[in-house]
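A short worksheet on the structure shown next.
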Amino acid sequence: MHQVNGMDEVLREFLIESWEGLTELDASVVALEERGADPNLLASIFRIIHTIKGTCGFIGLSNLGKVAHSAENVLGLMREGKLEASTQTISLTLRAVDEIKRMLRHIEETGHEPEVASQEVLHTLMLLANIPVEFDRAILIGQESTEDSVKQLTPLQPSTETVSAIAESGPVSEQPLVSPTLEPELAPTVVANMQEASTVTPSSDAEDSNKRSKVVDLTIRVHVNVLDSLMNLVGELVLTRNQLLQLSRGDEESKYSAPITLLNRVTTDLQEGVMKTRMQPIGSVWSSLPRIIRDLRQVTGKQIELDMRGNETELDRTLLEAIRDPLTHMIRNSADHGLEVPEVRRQKGKPETGTIKLDAYHEGGHVIISIEDDGAGINVKRVREKAISQGLLSENDASRMPEHELIQYVFRPGFSTAQQVTSLSGRGVGMDVVKTQIEKIGGTVDLSSVADKGTTVHIKIPLTLAIISALIVESGGESFAIPQLGVVELVRLAAEEKHRIERIHNNEVFRLRHRLLPLIRLDGVVQLPTNDCADADINIVVVQVGDQQFGLIVDRVFDTEEIVVKPVGSLLKDIAIYQGTTILGDGRVIMILDVAGIASEIGLSSMTSDITDANDRNQDGDTTNLLCFNAGDGRAMSVPLSLVSRLEEVPQDRIETTGDREVVQYRGDLLPLVPVQGYSRHAANKPIQPVIVFQENGRAMGLMVSEIEDIVEDRLVIRMASQNPGVVGTAIVNNRATEIVDAHHYVIQANPEWFHHNHWRPNWKILLVEDSVFFRQLLTTNLESEGYAVTAVVDGKQAIELLERSQQFDLIVSDIEMPEVDGLSFARWVRSKPQFKDVPMIAMSGNTRPSMDSEATKAGFTKFMRKFDPAELKAVLFEMCSARSRKGVSA
Amino acid sequence: MSNLNSELSPTEGHRKDAASDSQYVSFWIGGQLLGVPVSIVQEVLNPQYIARTPRARREIAGLLNLRGQIVTAVSLRRRLQLPDLDSERGPMNVVVRFAGESFSLLVDEVGDVINVSNQTMDPVPATLESTWRGVTNGVYRLEGRLFVVVNVGAILNLAS
C-alpha cells in the first residue's frame, strides 16, 4: 500500500488517464483495421499514445516512454499517409499497446517502472518508423530526468521506518486520495481508511491488489452528461418555482401559499448547492503545473519561470475538467517551442530565464484565461511554408494573408512548425486538440504572437451550464437577455428629453455625469425594424466591457430574471453578438446577448488592460478611437478620443472676448476658447460653434473647429512628424491623410501662464508611469513624436510587472501620487534591483511640498520636477539620455 | 410491389437498426416527396411556436423549445430556395439528431414511413439545380412517384 500512498499525484493521474485512454484505444485500433486509414480514427489513436508518451517524459518513465514513442512514430507515419495501415502494422501497434498496458499494471502494483519485456516489438516499430536518430535522442532526454524523479516518486525499499513515517504524515501531507468530487461527509472516512491502510505492512498479494484497486476506485468519474442534466433539471425547477411564485403572488390566504414558500426556499438552497458543488477555483487545475514546469526545466535545459495569477477565479467543475488538458498542452508548448534556450535568449538580449504567465479572471460573464510567454514567438515564415506545402493555402494567398490570420493555421490537425520532434510535444498534436476542446465547451481561443517577444493565447469560456441573473429587454419586437454582470446602470429618458441624446456625425452619444457615453441601438445591432414611436421613453442600458462603457438603447426593459444559460446551437454560434440561449419562465426561447461581442462588432476596442494597450500600441499599433474634425479648409484633423473631455455646441453670440482671448461662460466658470489652426470663427460665421473640450484637474479649454465629423477606430501611426506647432504629425485615418492635433499645444495656448514649450528630438526607450489618462496619453503622444519609444502603464504595480517580465528601458518617468504602488515605493523597488540601479528615473508630481524633492531623491529618483512642464521634462530627458549614451550604459 | 408502408410511426422509428437503413420518414416540400432516414429522426411535431433569431442566416427559422431542450429550426423551403409556405397552419417539424445536436427541419407536410428495402437508389439527375443536387443523396423510383433522399449533413451545412 505504501507505494500507492506514496505515489505522486501526477503518477496517479497518469494511471487513471492512461487506462481511460487505453480502453478507447483497443476498439479504435480494431476499427482502424476494418475501416482502413480513417484520418479521424488515426488522429484519436495518435493523441492517446501521444498523451501517454508526453506524460512519460515528464514523470520519468523512460521505458514506457520508449514504447509509446515508437508506437507514436509509426502511427504518425500512418496519419501522414506514409505508412499503410495494414494488418501487420496494426497488430504490431496492438502489441505495443499490450506492452504499455502490462507496464502500466506493473507501475500500479509496484509503484515503479518495469523493463521493456518485448524488445523485438520495440525494434520492429523502430525499423518501421525508420527514424532511429530521433528516437535515440528521445530516450536520452527521457533518461536525464529519470534518475531523480523516479526515486522521488517511489520509495523503492519498503522499510518499517518509511511505512510508519507515511502513517504519521500521510493523510495530512499527502492528501491525494480525497478527491474534490467526494462529498465532504465522506472525506473523514477516506482519511481514516488511508490512515488504517498506511499502517499495514504490505505483505500479501491479496492486500496489494486490494489497495491497488483503490487508486482508481476512490475517484468516481461522473459523466458530464449526468451533471448537465442535473443542472438542467435544477434550472427547470427554478423556472417552475418562478412561475408558481408569480401565480401565488397577492394571494397570501391561499392554502398553497405555505408550501410554495417552502418550495421556494428549498429550490434556492438546492440551486446554490448544485452550483457550489460544481464550482472550484482554477488553482486546483493549476496546482499540477509548477511540477510540470520543474520537470520541463530539467528535460529541456531551459530556465523557466511560471507566474500564475487569478488562482482563486472560480469555474464550473465541468469547465475546469475541460480546460485541464488544453492548458497543460499549451504550457508544454510554450516551454518546449516558445521559450528559447538560455544562450539564444542571451544573444537576443533577453534575460536567460523565460517566463510563462498564466492569468485567469472573470469578464462580462466570461472567464478569460491567458497564457503568455516571452519566448521566440511563432515563426510566421515557417507557418506560411508549411501551410503551402500541406496544400492549405496557395502561395499567392499565403503571401497576402495577414500574420495574425496566418498563425491561426497552427490550430489545424497535423500542423506543427517545431523543427525537432521531442518526447514532450511537437508533431502538431496539441493546438488542434486545444482548439477542439475549448470549442466543445463553447469557448474561443485566440492566438497572437510577436517575433522574439513571445506568444499569447487568450481562452474565453462562456458561462455555459450556469444559472445567471439577466436583464430581459425588448428591441424590434423581440426579447433578449443581457447578463446582469455586464450591466452597470439603467438610464431612462422621457420622450421630451430626447434631445439629450446628441450626435457626432452619425454616432449617438449621451452625457452621463461628465462623461461621453457612446450609444448603440440594439435594434440596429440585431437588424430588426426600428420602433419609431416618437413619444416613447428611451431606455439606455449602460454596459461595461473591459474598461469601456457604452449604452445600449432598447425599446423596453423588463425584470431581472434568473436564467439557465444554454449553449448556442452550432448553426448560430458564429454570430458574435450572442453568448447563449435560454428559456424564460413562460416557455419562450430568447437569445442571450454578448455585450463584449457587440462592443467589438461596433468597433469599441475592448477587453485589454491598460498595460497591454500600451504595449500593443508601441509594438504594432493597436487601434485607437479618434475624433475626426476639420477646420473648414479641407484639411482632415483628428485627436485621440481619450483626450477629449466632452463636446460642446456654443451659440456664437455667447462667445465673449476678454483682452485678446475668447471665452464662454460655462457652469459659472470661464472656458477659454482657442480656434484650431486654419479656422476662423468670424469667417465661418456659424450660429452654433462646435467646441472640443480638453480638461485636466479642473482646468479646461475649448478648441473651436469648423465641423466635428465622426469617431473612427483606426491605428494611430504617425507617418510624418510635423514641424508645425499644434500638430503632432500626419497619420492615415479612415484612409485619409489626417493631421493629429497636439491637444497639449492648445491647452498651453489657452493657459499660457501655466505652460511654456520648446522643441528637440532624441531616440530612447522610456517607461512612463502615470495614472492620469490625460497626461499619460499626452506625454506618450508628445514623447513619441519626439522619437522616444514610450511604454505607458498606469501605476507602479504594472511598472514592476513589466520590469519583472524583463522589459528593458533607458529611462523611467514616474508620477508620485498613484494608486496601488506609488512612485516612491516604485523607485525604491527599482533601486533594489541591481540590473536597474543605473537607470535614470524622473519623478513628476503636482505636489509642490518643499520636502517632496528630497523624499523623491531619497527614494532613488534622479530628478524631481513639477508635473505640468513637458518642455522642461523633454529637456531633462534629453540631457539624461545624452549623458547616458556618452557613458555607454544601457539598462 | 407496395412501397408505402405506414405501419411504423416515425417516433418509433429506431426500433430496429437493421430495418432503419432502408426506412425513411417522408415529407412534402412544394409538392415534392423527400425523406430522411428513420434512424436519425427524433420525433415529428405539429407546428410549433418558433422564436426568431435575428442576424441568423435566412435558412434558420429560429429556435423552438422542445420540453426544455432548445432546438434550431431550419426551413427546408428556404434551404431549397423555394418561397415560404403561404398557409395559416405553419410548417410541420421533423426533429432530427445530427452530430450530437437536435435540429428541426421545417416541412410542408409529413408523409408515411417509406420502406425501400429491395430497391436501389439512383443518383439524382445531373440536370437538377445545384442547390438541390448538393443536398440530396439520391432518388428512389416508387410506384407513381419519385422519392428523393435528403442529405441531412449537407442541409445543415449552411456555409456552402
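The values are calculated or read from the model by the stated rules, or taken from the named source; none is laboratory data. It should be emphasised that the depicted structure is a prediction, and the values quoted were computed from it without experimental measurement. Every residue, glycine as well, gets a Cβ built from its backbone with ideal geometry; the counts of neighbours run over all protein chains shown.
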Return the residues of the stretch A:53-71 that are closer than 17 Å to A:Leu92 by Cβ and without any contact (Cβ under 8 Å) to a residue 60 or more places away in the chain; say none if nothing qualifies. A:Val67, A:Ala68, A:Ala71
Counted residues in the stretch A:1-29 being at pLDDT below 70 and in a helix (DSSP H, G or I) come to 7
Could you tell me which numbered condition A:Cys533 fails, if it satisfies all but one of (1) farther than 30 Å from A:Leu237 by Cβ; (2) assigned to a helix (DSSP H, G or I)? (2)
Kindly indicate whether any position in the stretch B:103-113 is in a strand (DSSP E or B), within 9 Å of another protein chain (Cβ to nearest Cβ) and closer than 22 Å to A:Gly569 by Cα. yes
Please go through the stretch B:69-84 and pick out each residue that is free of Cβ contacts under 8 Å to residues at least 40 places away in the same chain and either more than 14 Å from chain A (Cβ to nearest Cβ) or not hydrophobic (A, V, I, L, M, F, W, C) (or both). B:Gln69, B:Thr72, B:Ser75, B:Arg78, B:Pro83, B:Asp84
Give the stretch B:41-50 a look and list any residue that's surrounded by 17 or more Cβ atoms within 10 Å (Cβ to Cβ), within 12 Å of chain A (Cβ to nearest Cβ) and of a type outside the set (A, V, I, L, M, F, W, C), or say none. B:Gln48
State whether the residues of the stretch A:259-279 include one that is more than 25 Å from A:Ser469 (Cβ to Cβ) and either at pLDDT 80 or above or assigned to a helix (DSSP H, G or I) (or both). yes
Regarding A:Glu312, is this residue within 18 Å of the chain's Cα centre (by Cα) and either surrounded by 13 or more Cβ atoms within 10 Å (Cβ to Cβ) or not in a helix (DSSP H, G or I) (or both)? yes
Answer yes or no as to whether A:Ser288 is crowded, with 19+ Cβ neighbours inside 10 Å and polar (S, T, N, Q). no
Read through the list (1) polar (S, T, N, Q); (2) outside any strand (DSSP E or B); (3) at pLDDT 80 or above, then give the number of the only condition that A:Asn724 fails. (3)
Looking at the stretch A:649-665, which of the residues that are within 19 Å of A:Glu709 (Cα to Cα) and surrounded by fewer than 19 Cβ atoms within 10 Å (Cβ to Cβ) is modelled with the highest pLDDT? A:Pro651
Taking A:Asn40 and the conditions (1) surrounded by 23 or more Cβ atoms within 10 Å (Cβ to Cβ); (2) within 38 Å of the chain's Cα centre (by Cα), which numbered condition does it fall short on, given that it satisfies the others? (1)
Inspect the stretch B:89-96 for any residue being of a type in the set (A, V, I, L, M, F, W, C), away from every other protein chain (no Cβ under 14 Å) and surrounded by 18 or more Cβ atoms within 10 Å (Cβ to Cβ) and give the result as yes or no. yes
Residue in the stretch A:564-573 that is touching a residue at least 40 places away in the same chain (Cβ under 8 Å), assigned to a strand (DSSP E or B) and either facing chain B (nearest Cβ under 9 Å) or not polar (S, T, N, Q) (or both) present: yes
Within the stretch A:431-468, count every residue that is modelled with pLDDT of 75 or more, outside any helix (DSSP H, G or I) and of a type outside the set (D, E, K, R). 14
Filter result for A:Ala387 (surrounded by 16 or more Cβ atoms within 10 Å (Cβ to Cβ) and either without any contact (Cβ under 8 Å) to a residue 60 or more places away in the chain or assigned to a loop (DSSP other than H, G, I, E, B) (or both)): yes
For the stretch B:50-102, enumerate the residues that are part of a loop (DSSP other than H, G, I, E, B) and within 29 Å of A:Leu233 (Cβ to Cβ). B:Ile50, B:Arg52, B:Thr53, B:Ala56, B:Arg67, B:Gly68, B:Ala99, B:Gly100
Can you name every residue in the stretch A:778-832 that is acidic (Asp, Glu), more than 20 Å from A:Trp764 (Cβ to Cβ) and at pLDDT below 80? A:Glu817, A:Glu820
Hey, could you check the stretch A:578-588 for residues that are surrounded by 23 or more Cβ atoms within 10 Å (Cβ to Cβ) and in contact with a Leu (Cβ under 8 Å, 6 or more places away or on another chain) and say which is nearest to the other protein chains (Cβ to nearest Cβ)? A:Thr581
If we keep only residues of the stretch A:512-563 that are closer than 12 Å to A:Val473 by Cβ and surrounded by fewer than 17 Cβ atoms within 10 Å (Cβ to Cβ), then the residue farthest from the other protein chains (Cβ to nearest Cβ) is A:Thr560
May I ask you to list the residues in the stretch B:51-66 that are more than 7 Å from chain A (Cβ to nearest Cβ) and in contact (Cβ under 8 Å) with a residue 24 or more places away in the chain? B:Arg57, B:Glu59, B:Ala61, B:Leu66
How many residues does the stretch A:354-363 contain that are in contact with a Ser or Thr (Cβ under 9 Å, 6 or more places away or on another chain) and touching a residue at least 60 places away in the same chain (Cβ under 8 Å)? 6
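Yes/no matrix, rows are residues, columns are (1) modelled with pLDDT of 75 or more; (2) crowded, with 18+ Cβ neighbours inside 10 Å; (3) touching a Pro at 6+ places or on another chain (Cβ under 9 Å):
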position	(1), (2), (3)
A:Gly65	yes, yes, no
A:Asn73	yes, yes, no
A:Ile100	yes, yes, no
A:Met103	yes, yes, yes
A:His106	yes, no, yes
A:Ala117	no, no, no
A:His123	yes, no, no
A:Asn130	no, no, no
With B:Val95, B:Val116, B:Val150, B:Val124 as the choices, which residue is modelled with pLDDT of 95 or more and not basic (Lys, Arg)? B:Val95
